[in-house]
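Scroll down for the structure; my scribbles are underneath it.
The values are calculated or read from the model by the stated rules, or taken from the named source; none is laboratory data. Keep in mind that this is a model prediction, so the values were computed, not measured. Backbone-built Cβ (ideal geometry, glycine too); neighbour counts: all protein chains shown.
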């Protein structure tokens, strides 16, 4: 029995083989950075059978960190790795399913996902696992019933050829593509909630951002505490050391702000070498239209529904 983090990705798998290999390298590196920043020790990270596997004794804590902070990850699970054989899986079950699993537990369900050729079917494995779990529960004087819809205990196995992963829950991930797989860009932050969502949406497309914060903008000043927390969130997503520029000057009218924002961004673009700008656009677009025509303007909120706009900040319980 080996404790691991099982990392699942989605959109990456739709790419060509060469692109998948390149994106997996970025994803693996970003996972290493996120775990190191969170002081989660790990022995190794490998890629096999369309899964990224992190070998760590801190699997439960690490699974949550990876899901919350690494774009490209669809979900994670704190899991236990064994060989794909009845004997090895049985041994893992006996080691993992201790008495605490059956406290206040009345129902259970088995979930089996299988890839590869084996001497058993998914149905046969499901029935066998159900019998094993029932026997273990009985040894702890617990009588279990089956509830496939809302079980108290859900035992899942992901069988991928010679390797079997046993786990009990999933942590939803950020999704998207690994950061660093696309060209860099600049994010304009004026203090609107949507500024951060737009930046997050662009980051989920694989873009690493340089963030320009107009901290004297009225929207930023009116909700300074939440803005600072939102900036911390963007920092946690960045695989590189975050680059944040605080534009220090203040303007009076929206037109003056537009000119100041444009000039600041254009200057930073020349120094940074980025080719795009992430922005949430207000009703006034005159200053936005004054950017150089060769510059790519990313306005991702046009393509998002309300749930997708709210979702990026749900992990940190930000209240706007």
For region 120-161, name all the residues that are surrounded by 13 or more Cβ atoms within 10 Å (Cβ to Cβ) and in a loop (DSSP other than H, G, I, E, B).
120, 140, 142, 144, 147, 151, 152, 161
Kindly indicate which of 53, 66 is under 30 Å from residue 231 (Cα atoms) and in contact with a helix residue (DSSP H, G or I) (Cβ under 6 Å, 6 or more places away or on another chain).
66
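If the requirement is being surrounded by fewer than 20 Cβ atoms within 10 Å (Cβ to Cβ) and in contact (Cβ under 8 Å) with a residue 24 or more places away in the chain, which of these qualifies: 196, 217, 233?
233
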Output for Cβ contacts, cut-off 6 Å, separation at least six or different chains, first residue in contact (Cβ under 8 Å) with a residue 12 or more places away in the chain in region 143-169, second surrounded by fewer than 13 Cβ atoms within 10 Å (Cβ to Cβ) and not in a strand (DSSP E or B), reads 161/116
Among the residues of region 96-119, what is the count of those that are closer than 20 Å to residue 54 by Cα and part of a helix (DSSP H, G or I)?
1
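Being over 30 Å from residue 139 (Cα atoms), within 16 Å of the chain's Cα centre (by Cα) and in the same structural domain as residue 140 (by TED's automatic domain parsing): is that true of residue 48 here?
no
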Please verify whether residue 76 is under 30 Å from residue 29 (Cα atoms), in contact with a strand residue (DSSP E or B) (Cβ under 6 Å, 6 or more places away or on another chain), at pLDDT 95 or above and not in a helix (DSSP H, G or I), treating the condition exactly as stated.
yes
